[in-house]
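Read through the structure below, which is laid out as structure tokens, and then see the notes.
The values are calculated or read from the model by the stated rules, or taken from the named source; none is laboratory data. Computed from a predicted model, the values in this text were never measured in an experiment. Cβ: placed from backbone, ideal geometry, glycine included. Neighbour counts: every protein chain shown.
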Amino acid sequence: MVSKKKGESDDEFRIRRAKYQRDYRKNKPPKPLTEDQKKRAHTLRKERVSDNPEKYRQLRSDSYKRNLKREQEYGAEYREVNKETLRSRELKRKYGISIEDYELMFKSQKGLCGICYLPSGDRNFDIDHCHSTGKVRGLLCRSCNVMIGHSKDDPILLLGAVDYLQRNS
């Protein structure tokens, strides 16, 4: 609580007390909403939006346009700072393997593509996997992975391609 200082005028005290109260309210954590209050706020918002959907669509669009550059910059910065974490999540989500599993496959293939036996260059190998079972088969360079993909993982189609190349060379 604020009390009047010795020699302070009433006006100075009122100004100081008002500033104290403003600062207190500003820095005080807000009371959490009850479930009923949350439901009521949600219902009111849905009603406002359904009464004027075009207005809210325009507000979202304007907000998106206003913040797009900032969001893109933030996203690029985040991806740069968190490369390893994002790569780890992607490997786990897409293929069910860890970075350590990837490194083991890389070492077992001696850093070479599983088909053409060339190094990957400056980029990571693609992870070849069976699309029906999800089982990881190995690491391939981009060209070999695309070739396997275009053949629809069909060995007979690839043997036909080998036969064709041998006949027409």
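Just wondering, is there one or more residues in region 77-100 that are over 30 Å from S120 (Cβ atoms) and of a type in the set (G, A, S)?
Pass one, region 77-100, residues over 30 Å from S120 (Cβ atoms): none.
No.
Considering only residues in region 48-71 that are loosely packed, with under 10 Cβ neighbours inside 10 Å and among the acidic types (D, E), the one that is farthest from K5 (Cα to Cα) turns out to be E54. Of all the numbered requirements in (1) exposed (fewer than 15 other Cβ atoms within 10 Å of the Cβ); (2) in contact with a His (Cβ under 9 Å, 6 or more places away or on another chain), V136 misses one, and that requirement is (1). Cβ separations smaller than 7 Å between residues 6+ apart or across chains give the following pairs from region 1-28 residues that are surrounded by 10 or more Cβ atoms within 10 Å (Cβ to Cβ) to residues that are among the hydrophobic types (A, V, I, L, M, F, W, C) and in a helix (DSSP H, G or I): K4/F13. In this entry, K110 passes the filter for residues that are part of a loop (DSSP other than H, G, I, E, B), free of Cβ contacts under 8 Å to residues at least 60 places away in the same chain and either surrounded by fewer than 10 Cβ atoms within 10 Å (Cβ to Cβ) or out of contact with any Lys or Arg (no Cβ under 9 Å at 6 or more places or on another chain) (or both).
The condition (being at pLDDT below 95, polar (S, T, N, Q), in the same structural domain as V162 (by TED's automatic domain parsing) and not in a helix (DSSP H, G or I)) is satisfied by just one residue among S143, S132: S132.
Contact map, region 148-165: first residue polar (S, T, N, Q), second residue assigned to a helix (DSSP H, G or I) and surrounded by 10 or more Cβ atoms within 10 Å (Cβ to Cβ), Cβ cut-off under 7 Å, separation 6 or more or different chains; pairs are S151/L157; S151/L158.
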